[in-house]
Amino acid sequence: MIANGDEGDPGAFMDRSVMEGDPHSLFEGMLLCAYAIGADYGMIYVRHEYPLAVKNLTHAINQAMELGILGKNILGTNFNFTIDIREGAGAFVCGESTALVASVEGERGFPRPRPPRLSERGGGVWGYPSNLNNIETYVCVPPIIEKGADWFMGIGTKNSPGTKVFALTGKVVNTGLVEVPMGITLKEIIYDIGGGVMDGKKFKAVQTGGPSGGCIPERLLDTPVDFDTLAKVGSMMGSGGMVVLDEDNCMVDVAKYFLSFCKSESCGKCPPCRIGTYQMLEILEKITTGKGESGDIEKLTAIGEKVKESALC
């Protein structure tokens, strides 16, 4: 069992809040999943930048061991389960499942082709079949077991049931973590919960899904927030980052910032990403310094599509 606590998106801190503030809810979810599949060992992969999370997780593991909730013969059931903490080195790519496994094994965090998948023999940690989920996924398990699947399915939408925690940041009045039912619109999150754009300025776009996501303009503010709909409008859910942009934000600069992030965080293993992100950033640099040429936008689009189609992650 592996819990992925390596949220590397700028402005995202959902997993961090759980690991720092309520680590036992994470353990409970992992225990239930481990019992269901017969696993006896789990690990939590934590970002290097989260020292308080590591400290609190370590303390909570010791508490659970003393209470007999972790370890051998848990609560007299003959079920054994232990949890270790694995600390990453800060690489964004290690949020990808196969790169995370490589990092846990002490190798450089490179993604690899699949199959074998993590759940198959030869695909997981040290060749063992492994179950990997995000922190938020494990935390959802205990209330589902307690209240039933129908209760959970009654929240959100048919294809995306339940709730999602977002880190609402940027040019919005009320910033912070918000837990909302799937299917709520972007407008409701930004205006009803977030209080609208700061200083009464005009809304321009909202960026979701981190560096791999997209910017959603004002005309699509009534878009429901779920996995399928966000993908249809050219963005994604990602780990839950949501950055509000106002009339003063330059969208070219925003694109350049995220592209620069992707370029610097590229692991360099596959040429489409290593070379493609460099070329795309080079074109944007030309445009922003007044040296753009006819066809640059089409070239950007073409390279971006090739990177998306052929890169490993």
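Throughout, read-outs are computed from the coordinates displayed, never taken from laboratory work. Worth saying up front: this structure is predicted, and the values here are computed from it rather than measured. Glycine gets a Cβ as well: all are built from the backbone with ideal geometry, and neighbour counts include every protein chain shown.
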> Nearest 20 debye, what's the magnitude of the dipole of the chain about its Cα centre given +1 on Lys and Arg Cβ and -1 on Asp and Glu Cβ?
Replying inline: 680 debye
> Tell me, what does the Kirkwood hydrodynamic radius of region 2-147 come to in angstroms if you use every pair of distinct C-alpha atoms?
Replying inline: 15.5 Å
>> Could you sort the peptides 115-124, 225-234 by per-residue average Cβ neighbour count (10 Å cutoff), highest mean leading?
In response: 225-234, 115-124
>> Please report Rg (one decimal) and Dmax (integer) in Å for the Cα set of the chain.
In response: 21.0, 72
> Leaving out same-chain residues fewer than 8 places away, which lysines sit with a Cα under 23 Å from that of Lys187?
Replying inline: Lys158, Lys164, Lys171, Lys201, Lys202, Lys204, Lys232
>> Counting only helical runs of four or more DSSP H residues, what would the 222 nm mean residue ellipticity of the chain come to if each run contributes -39,500 (n - 2.57) and the total is spread over all its residues?
In response: -12000 deg cm²/dmol
> Restricting attention to the alpha-carbon atoms of region 163-249, what are Rg (one decimal) and Dmax (integer), both in Å?
Replying inline: 11.4, 33
>> List the trypsin sites (Lys or Arg not before Pro) within region 247-313 that DSSP assigns to loop and that have no more than 13 neighbouring Cβ atoms inside 10 Å.
In response: Lys291
> How many nm is it between the label spots at Asp84 and Tyr128, if each spot is 7 Å from the Cα in line with the beta carbon?
Replying inline: 0.9 nm
>> Quick check: pseudo-label points 7 Å beyond the Cα along Cα→Cβ at Arg108 and Val252, how many nm apart are they?
In response: 3.5 nm
>> Quick check on the exposure proxy: order Phe152, Phe203 from fewest to most C-beta atoms within 10 angstrom.
In response: Phe152, Phe203
> What distance in nm separates the simple spin-label points at Ala149 and Lys299, each placed 7 Å from Cα in the Cβ direction?
Replying inline: 5.3 nm
> So which GluC sites (Glu not before Pro) in region 241-286 end up in coil per DSSP with only 11 or fewer other C-beta atoms within 10 Å?
Replying inline: Glu247
